[in-house]
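The values are calculated or read from the model by the stated rules, or taken from the named source; none is laboratory data. The shown structure was predicted, so the numbers you read here are calculated from the model rather than taken from an experiment. Reconstructed Cβ throughout: ideal geometry from the backbone, glycine too, with neighbour counts over all protein chains shown. All accessible areas refer to the heavy atoms of the entire protein, side chains included, with ligands and DNA or RNA removed. Shrake-Rupley method; radii C 1.70, N 1.55, O 1.52, S 1.80 Å.
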Amino acid sequence: MSSIAERLRAGSDPKFPENANTVEYAENLDANDSLCQLRDQFVLPTKASIRKKALDGRSPSSVEHTKTGTACSGELKTNGANGHPKDVSAANEDSDQAIYFVGNSLGAQPKAVREYVDAQLETWASVGVGGHFTDMEDSPLVAWQDMAEDCAKKSADLVGASPSEIVIMNTLTANLHLMMASFYRPTEKRHKVILEWRPFPSDHYVIESQIQWHGLDPKKSMVQIQPDENFYLSTEKILATIDENADETAMVLLPGIQYYSGQLLDIPTITKHAQDRGIVVGWDLAHAAGNVELKLHDWNVDWACWCTYKYICAGPGSIAGAFVHERHGAVEYSTGFEAPRFRHRLSGWYGDDKSGRFNMDNKFKPTPGAGGFQLSNPSAIDLASLSAALSVFAQTNMHDLRSKSLVLTAYAQHLLDSIISDSDGEPPFRIITPRDPRERGTQLSVLVREELMDAVSKALVDSGVVCDKRKPGVIRVAPVALYCTFKDVYTFMKIFRKALGA
Ligand SMILES: *Cc1c(COP(=O)(O)O)cnc(C)c1O
């Protein structure tokens, strides 16, 4: 499998064999997958559990691979012990796992979350306010005061930054506003923000309302880059749009991965091109963090934001992350300890350096780095959940996850291609995600012919497939390397092919 990944990294044909569309081939890829044990770290929904309408005191049972046999190709046996007391009896009836291909919307639940949140509840109940400063022995967690920093440290590999360039706080949209408050400083001449044709609504609203907040007109200050007829945003087009507006642009704000098409943009090239023209560059990494390899520091990105509930699996609405390049986070005391100099930002007491945070002297002396952008005492429950998710990432690294993900997605594309080549007449769908593996993450966006969409949606739901449909007609298929298998991809395609009547 690693040789396929290497070919994909070079942008070459993965060369799947004749028998690729067989369950044996898919199982063989799983057997050779060095990350396959990570799936056991998750509680995945089952076909029965996704239909649940009321709580019954138990989570879906997890499936564990037998100790004997090839790593992950062995016969599956159910294991009810996922940390929840009442689920043992249910192990058999709902062990039939659903196909969870929607990690681009909400990542699956790591088993560690329950353990970490339980530890937090016990700490809070036991020592109360003392939990802020107490490192409890035998707890997977550090003292509440240190948790955000601890999570920043554990996020370093995910985004390619030093821990001090990362702050864990708030939620994605709130952080986009905070970063724009600091980095979008329009002048009469430079006031434009360059974005893409179809930003996520929240990103659009952030940019629009920030422009209005400065008393400017979004019609004059928002520049949207248009894609070609395949929803593709070529780097040339992006650079040309930057050139056309170079002197009037204050900021470029783009998604690392476009949520609709699944296209991964060329972050380093775009960043450098815009910065060379005096433009500040921010990235929304909601669909990129935990999905593809990022090197925010080396790419000299000014700032970036991401949520942690998609590929990072910290749970719905969980606490988010932001990156501020070290050159923007410096705090200088050259003019005296009472007059630190630092980049202006909207500030709060948790941005104060830890050493003086509780002096309550109302003299803002920010933590050097991204931490100085923090506002509030962060939710320790949220941070427990994120710590748990990051503990799964700590068992691997983004390079290995990306290698698996490249192959998973290429395999999915290969099987989709074979459905198209086996169908007569007009193809039932087309893939709008770039075919070059270097220009996408895990997600493939499949644009299904409109008249087939209802039947396809129903068939997927009926067969226990959880994936995301965006009107009109796009099914976003995201096999996530942490917890999806090649057999999942194979089974999904069998169901999809049947649903299309192909
Ligand atoms: C998921 C997503 C959001 C969601 O923002 P929240 O503040 O977390 O609700 C915003 N922007 C993009 C690009 C997203 O993919």
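In table form, for the structure just shown:
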| quantity | calculated |
| --- | --- |
| Number of positions in the stretch 180-196 that are within 18 Å of Lys219 (Cβ to Cβ) and away from the ligand (no atom under 13 Å from the Cβ) | 9 |
| Positions within the stretch 441-455 being outside any strand (DSSP E or B) and open to solvent by 10 Å² or more (accessible area, probe 1.4 Å), in sequence order | Arg449, Glu450, Glu451, Leu452, Met453, Asp454, Ala455 |
| Inter-residue pairs, beta-carbon under 8 Å, first more than 17 Å from Ala481 (Cα to Cα) and open to solvent by 10 Å² or more (accessible area, probe 1.4 Å) and in the stretch 307-320, second within 10 Å of the ligand (Cβ to nearest atom) and not hydroxyl-bearing (Ser, Thr, Tyr), 6+ apart | Pro316/Leu106 |
| Residue within the stretch 365-380 that is of a type in the set (Val, Ile, Thr), at pLDDT 95 or above and touching a Leu at 6+ places or on another chain (Cβ under 7 Å) present | no |
| Condition check for Asp417: open to solvent by 30 Å² or more (accessible area, probe 1.4 Å), assigned to a helix (DSSP H, G or I) and either of a type in the set (Phe, Trp, Tyr) or without any contact (Cβ under 8 Å) to a residue 60 or more places away in the chain (or both) | yes |
| Residue in the stretch 315-326 that is more than 16 Å from the ligand (Cβ to nearest atom) and in a helix (DSSP H, G or I) present | yes |
| Exclusive hit being closer than 22 Å to Ala322 by Cβ, without any contact (Cβ under 8 Å) to a residue 40 or more places away in the chain, among the hydroxyl-bearing types (Ser, Thr, Tyr) and assigned by TED's automatic domain parsing to the domain that holds Asp302, set Ser155, Ser202 | Ser202 |
| Residue in the stretch 321-332 that is of a type in the set (Asp, Glu), under 22 Å from Asp146 (Cα atoms) and open to solvent by 70 Å² or more (accessible area, probe 1.4 Å) present | yes |
| Test: Ala330 is aliphatic (A, V, I, L, M), in contact (Cβ under 8 Å) with a residue 24 or more places away in the chain, within 16 Å of the ligand (Cβ to nearest atom) and assigned by TED's automatic domain parsing to the domain that holds His177 | no |
| From the options Lys469, Lys494, Lys498, Lys458, residue that is part of a strand (DSSP E or B) and open to solvent by 50 Å² or more (accessible area, probe 1.4 Å) | Lys469 |
| Residues of the stretch 340-399 that turn out to be closer than 27 Å to Cys36 by Cβ, in a helix (DSSP H, G or I) and either among the polar types (S, T, N, Q) or over 27 Å from the mean Cα position of the chain (by Cα) (or both), as a count | 3 |
| His297, sole failed condition from (1) surrounded by fewer than 20 Cβ atoms within 10 Å (Cβ to Cβ); (2) within 16 Å of the ligand (Cβ to nearest atom) | (2) |
| Where Gly130 falls short, out of the listed (1) assigned by TED's automatic domain parsing to the domain that holds His344; (2) farther than 24 Å from Ile267 by Cα; (3) open to solvent by less than 40 Å² (accessible area, probe 1.4 Å); (4) without any contact (Cβ under 8 Å) to a residue 12 or more places away in the chain | (1) |
| Test: residue in the stretch 11-31 that is at pLDDT below 95, over 23 Å from Ala410 (Cα atoms), in a loop (DSSP other than H, G, I, E, B) and open to solvent by 40 Å² or more (accessible area, probe 1.4 Å) | no |
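This table checks each residue for (1) among the polar types (S, T, N, Q); (2) open to solvent by 20 Å² or more (accessible area, probe 1.4 Å); (3) modelled with pLDDT under 90.
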position	(1), (2), (3)
Leu38	no, no, no
Ala48	no, yes, no
Ser61	yes, no, yes
Glu64	no, yes, yes
